[in-house]
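Remarks on the structure that follows.
Quick note: the coordinates plus some simple rules give every number you see, no bench work behind them. From a predicted model like this one, the values you see are computed outputs, not experimental measurements. Cβ sites come from the backbone with ideal geometry, for glycine too, and all protein chains shown count toward neighbours.
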Amino acid sequence: MSLFVRITPQNLLAHLTDILNIERVSFPSPWGRESFEHEVGNPLSRFWGILSDNGLVAYICFWVAAGEIHLMNIAVHPEMRKRGLGRTLMDKLGQTGVEEDVRKIWLEVRPSNKAARALYSGMGFAEVGWRRRYYTDTGEDAIVMALTLSPLEVVTGKVRLGHGSREAPEPSSSRP
């Protein structure tokens with residue numbers, strides 16, 4: 001059984017060990033405790049987790065500002081991957097976008113992260129640019145991806161990224 005939980009300053013400590021463990025096994029340069037403490041106190045930030053019988057197993061952190069969402073961090077514990085939890089978290093991001101009248105969602109992803117790129121592309125995100133040497137730990141570039149929410153999704157309040165008849169914009173074929 002899985003359950004969404006909003007991570008707040010009041011409950012961060014209860015979930016922090018799980019979050020830091022997932023972060024450490026998911027990224028070459030994991031965020032530290034201070035980064036997560038900052039995010040739960042940031043008024044732009046939305047921070048959600050998925051709980052299972054074994055504790056917190058996945059989380060997503062994103063900013064909402066000026067009619068846009070910027071994905072900051074998403075991770076699923078390796079033992080829980082390939083079960084749709086990443087897609088579930090991204091659907092939560094999309095639903096938040098509708099609720100908060102967002103028109104565009106942005107993210108950066110490593111070119112080497114093929115699983116994440118496939119997830120985002122399958123949800124309708126398109127490559128719109130590159131950030132050179134964005135990841136300071138490896139010097140790797142970042143692919144910038146974006147998704148525009150349609151006015152119909154915003155008006156009806158219903159969105160499930162990558163489902164239905166939405167046409168994804170054409171991806172950029174060249175690097176700047």
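Which ordering of M90, M123, M72 is given by a fewest-first count of other beta-carbon atoms within 10 Å?
Values: M90 25, M123 22, M72 19.
By the 10 Å Cβ count, ascending: M72, M123, M90.
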For L149, residues with placed amide H under 5 Å, excluding near neighbours
K104, I105
Counting only residues 5 or more places away or on other chains, whose amide H sits under 5 Å from the amide H of I7 once H atoms are built in the peptide plane?
F47, W48, G49
For the stretch 13-129, calculate the relative contact order in percent as a whole number, restricting contacts to Cα pairs under 8 Å that are 6 or more residues apart.
19
I want to check the label-to-label distance for Q95 and L51. Put each point 7 Å from Cα in the C-beta direction and report it in nm to one decimal.
1.6
So what are the ³J(HN,Hα) numbers for the stretch 35-44, from phi and the Karplus equation (6.51, -1.76, 1.60; θ = phi - 60°), rounded to whole Hz, Gly and Pro as x?
5, 5, 4, 5, 4, 5, x, 7, x, 7
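Order these by the 10 Å Cβ neighbour count, fewest first: S45, S150. Present the calculation step by step, with values, prior to reporting the outcome.
Values: S45 19, S150 12.
Starting with the residue having the fewest Cβ neighbours, the order is S150, S45.
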5 Å is the cut-off here: which amide hydrogens, built 1.01 Å from N in the peptide plane, fall below it relative to M72, excluding neighbours closer than 5 in sequence?
C61, F62, W63
For a Förster distance of 30 Å, can you work out the FRET efficiency between the beta-carbons of S29 and S150, rounded to the nearest 0.05?
0.25
For labels at A14 and N113 in the simple 7 Å Cα→Cβ model, what's the distance in nm?
2.8
Note, ³J(HN,Hα) from phi for the stretch 67-79, Karplus 6.51, -1.76, 1.60, rounded to Hz, x at Gly and Pro:
x, 9, 10, 10, 5, 9, 6, 8, 7, 10, 4, x, 6
